[in-house]
Amino acid sequence: MAEVTLYHWEPNANSGKPMLALMEKGVAFDSHYIDMLNFEQHRPEYLAINPQGTIPAMTYGDRVLVESTAIMEYVNEQFAGPDLMPGDARDRWRIRWWMKFMDQWLAPSFSMFGWKYFVGPNALAAHGQEKIEAQIARIPLPERQTAWRKAVFGLFSEAEMAESGRRIAVGIEMLERELGKREWLASDHYSLADVNGFNLAYALPLSQPHLSNDDLTPNIMRWLRAIYRRPATQACWKLGRTPMASRVAILEQDYIPPRAEAEGIVSGVR
Ligand SMILES: N[C@@H](CCC(=O)N[C@@H](CS)C(=O)NCC(=O)O)C(=O)O
């Protein structure tokens with residue numbers, strides 16, 4: 001048994017961030033998959049670890065850590081292995097700037113698409129309306145109850161979806177510009193900003209093929225493929241169990257042309 005246990009869902013967004021950071025550092029950990037579509041995050045045994053019922057969470061000895069970006073910073077400082085907050089003070093400022101921008105502004109927009117097109121429809125198909133209502137009533141955080149209701153019952157408004165689409169387009173432009181300046185997102189060294197960014201952006205050429213592809217965003221594509229080829233990323237994405245995570249295989253293609261429409265990824269995930 002390892003000293004570290006990570007409770008996580010798919011290598012994607014919040015769960016994927018500490019998963020990938022631990023693997024990059026070479027930290028041995030017990031992987032505890034929480035099946036979010038089966039509401040395992042609201043079961044008493046998990047609530048005993050994280051009473052908020054959200055994932056990821058990490059235990060290290062008797063310490064319990066939550067919040068994906070804060071966990072990554074902890075992992076980087078606590079354990080030996082390559083420094084993922086490298087460079088000088090300005091680089092570290094840039095890393096933190098990008099992580100804050102992604103966590104607060106961009107990730108919620110990606111998440112809205114993921115929940116509308118993947119999480120909600122798949123959970124509804126698996127459990128049916130009545131059981132889902134009962135599950136939602138058990139969720140500890142009111143804001144997570146709202147997110148589930150909107151996803152399952154198709155209640156994200158057109159205005160919300162349009163705003164998320166706009167933010168994703170702005171985020172793509174910003175990433176492309178920044179990655180034109182240096183090899184990695186925030187520093188000349190691979191950093192937590194790259195780990196964070198990859199977890200949001202790995203499926204961009206599938207989900208936003210009209211905005212991100214080899215013709216329009218060559219810097220993003222170079223960056224995504226370079227991260228995909230890293231042994232830690234390969235090991236991390238092997239822990240995925242749903243078609244959400246297997247979208248990463250798009251990065252094996254050498255050239256991805258512009259397309260007008262997102263490909264039908266399981267249940268229309270975009
Ligand atoms: N800010 C938290 C967000 C955690 C969070 O909301 N995670 C989502 C999955 S990405 C979750 O646990 N959802 C479960 C639920 O809403 O039932 C973090 O970065 O760790």
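Rule-based calculations on the coordinates, nothing more; no lab input. Fair warning: this is a prediction, and the values are worked out from it, not measured in the lab. Reconstructed Cβ throughout: ideal geometry from the backbone, glycine too, with neighbour counts over all protein chains shown.
Details
- Two-site FRET efficiency, Glu133 against Glu77, from Cβ-Cβ distance with R₀ of 45 Å, rounded to 0.05: 0.60
- Counting beta carbons within 10 Å around each of Glu3, Glu40 and listing the fewest first gives the order Glu3, Glu40.
- GNM top mover of Trp223, Trp93, Trp184 - the chain, alpha-carbon springs below 10 Å: Trp93
- The residue list Ala57, Met102, Leu192 was ranked by how far each Cα lies along the charge dipole of the chain toward its positive end, using unit charges on Cβ atoms, and Met102 comes out on top.
- Order by protection proxy (mean Cβ within 10 Å, highest first), peptides 250-262, 67-79: 67-79, 250-262
- In the structure shown, the pairs Lys17/Lys131; Lys100/Lys181; Lys25/Lys150; Lys17/Lys181 are assessed against 27 Å; a Cα-Cα span above that value is assigned to Lys17/Lys131; Lys25/Lys150.
- Cα gyration tensor shape of region 89-268, rounded if a/c is under 1.5, else prolate or oblate by comparing a/b with b/c: prolate
- Nearest-20 debye value, region 89-268 charge dipole, Cβ charges on Lys, Arg, Asp, Glu: 600
- Using a Förster distance of 25 Å, the FRET efficiency for Ala89-Val64 (Cβ separation, nearest 0.05): 0.25
- Which of Ala137, Leu47, Val66, positive extreme of dipole for the chain (C-beta unit charges): Ala137
- For region 218-228, 3J(HN,Hα) computed residue by residue from phi via the Karplus equation (6.51, -1.76, 1.60; θ = phi - 60°) reads x, 5, 4, 5, 4, 5, 4, 5, 5, 6, 4 Hz, glycine and proline entered as x.
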